[in-house]
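The values are calculated or read from the model by the stated rules, or taken from the named source; none is laboratory data. What you are looking at is a predicted structure, and each value in this text was computed from that prediction instead of being measured. Cβ placement follows ideal geometry from the backbone for every residue including glycine, while neighbour counts extend to all protein chains displayed.
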Amino acid sequence: MLEMASLGSKVLQTRSVEFAGKYKVKLRVLSSFSPNNEGTEINFEEKKNMEDPIISGIAFNRDEAEVNILGVPDMPGIAYQILGPIAEAKIDVDVIIQNLGQDGLTDFTFTVQKNDLKRTLKILNEKVKDHIKAREVKGDDKIAKLSIIGVGMRSHVGVASKMFRTLAEEGLNISTISTSEIKISVILEEKSLDKAVNALHKAFDLDKI
C-alpha cells in the first residue's frame, strides 16, 4: 500500500500508511459514495497464498517529466556530478537509469515533477553539461509513469514479460523500466496512459478483484 500511495494511487495519503506500518495500526479504506460499505481493511496478517504472483494494483502518475543527458563520460562519480546540483536546488528525483557504457560514454536518464523540468534543464545546461562534457541535455514533459504492484513479483517468472507483452500487443512503446521486489514501473507517452492502464487491468484480472 505504501508503494501504491507513493506511486500515484490517490486512495491513501502516504504518511497515513507510514504511520500505520510503523505502529502496527490497522487501516480501513472506506468509500464516501457508499457509507454503509465495510470497505477494505489493511493489516499485518499473513495468508497462505501471500507469495503468489498476484498483482494487487496499478498506479500511475501524470506529473512526471523525463530528463536525458546524452554522451556522458562513463566514469566513477558521474551520477553525483549530475544529481548533486539538482539536489542542492531541492528538486526531487524519481526514476534513475544509467545505460550501459559504450566507447567510454553513456546516457543518463531520470524523472522529476513536471513543474521542476524547466528549472532542472536550466541547472544542467548552466552547471553540468560543459563541466562533464556531455553531448546533449533533453527534457520531455509529455510522459507518465505506470506501475504494477504485487508481493513476490521478483521470485516468480512471467510477471514482467506479461506486462511487456500486453503493452506491445497494444502497440505502446516504453522508454524506461525500473523494478523492485514488489513493483515494476515504466515510462511511456502520456497520451498512451489510459490505454495502457486498461490493458493491464484486464491482463492481470484486476476487474475480478
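Summary of computed values
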{"read-out": "Answer from LYS122, LYS129, LYS138, LYS114 - the residue that is in contact with a helix residue (DSSP H, G or I) (Cβ under 9 Å, 6 or more places away or on another chain) and basic (Lys, Arg)", "value": "LYS138"}
{"read-out": "Number of the exception - SER178 against (1) assigned to a helix (DSSP H, G or I); (2) of a type in the set (Gly, Ala, Ser); (3) surrounded by fewer than 18 Cβ atoms within 10 Å (Cβ to Cβ)", "value": "(1)"}
{"read-out": "Any chance LYS129 is among the basic types (Lys, Arg), under 20 Å from the mean Cα position of the chain (by Cα), surrounded by 14 or more Cβ atoms within 10 Å (Cβ to Cβ) and assigned to a helix (DSSP H, G or I)", "value": "no"}
{"read-out": "Flag for LYS142 being charged (D, E, K, R), touching a residue at least 24 places away in the same chain (Cβ under 8 Å), more than 11 Å from VAL67 (Cα to Cα) and not in a helix (DSSP H, G or I)", "value": "yes"}
{"read-out": "Flag if LEU172 is in contact with a helix residue (DSSP H, G or I) (Cβ under 8 Å, 6 or more places away or on another chain), surrounded by 18 or more Cβ atoms within 10 Å (Cβ to Cβ), part of a loop (DSSP other than H, G, I, E, B) and not β-branched (Val, Ile, Thr)", "value": "yes"}
{"read-out": "Strands (runs of 3 or more DSSP E) (entirely within the range 55-113) containing at least 1 residues that are buried (at least 17 other Cβ atoms within 10 Å of the Cβ) and at pLDDT below 95", "value": "57-73, 105-112"}
{"read-out": "Pairs with Cβ under 6 Å, 6+ apart, first in the range 1-26 and on the phi > 0 side of the Ramachandran plot, second modelled with pLDDT of 65 or more and of a type in the set (Gly, Ala, Ser)", "value": "GLY8/ALA59"}
{"read-out": "Residue check, LEU117 modelled with pLDDT of 95 or more, farther than 21 Å from ALA196 by Cα, out of contact with any Ser or Thr (no Cβ under 6 Å at 6 or more places or on another chain) and of a type in the set (A, V, I, L, M, F, W, C)", "value": "yes"}
{"read-out": "Test: residue in the range 160-171 that is among the aliphatic types (A, V, I, L, M) and at pLDDT below 95", "value": "yes"}
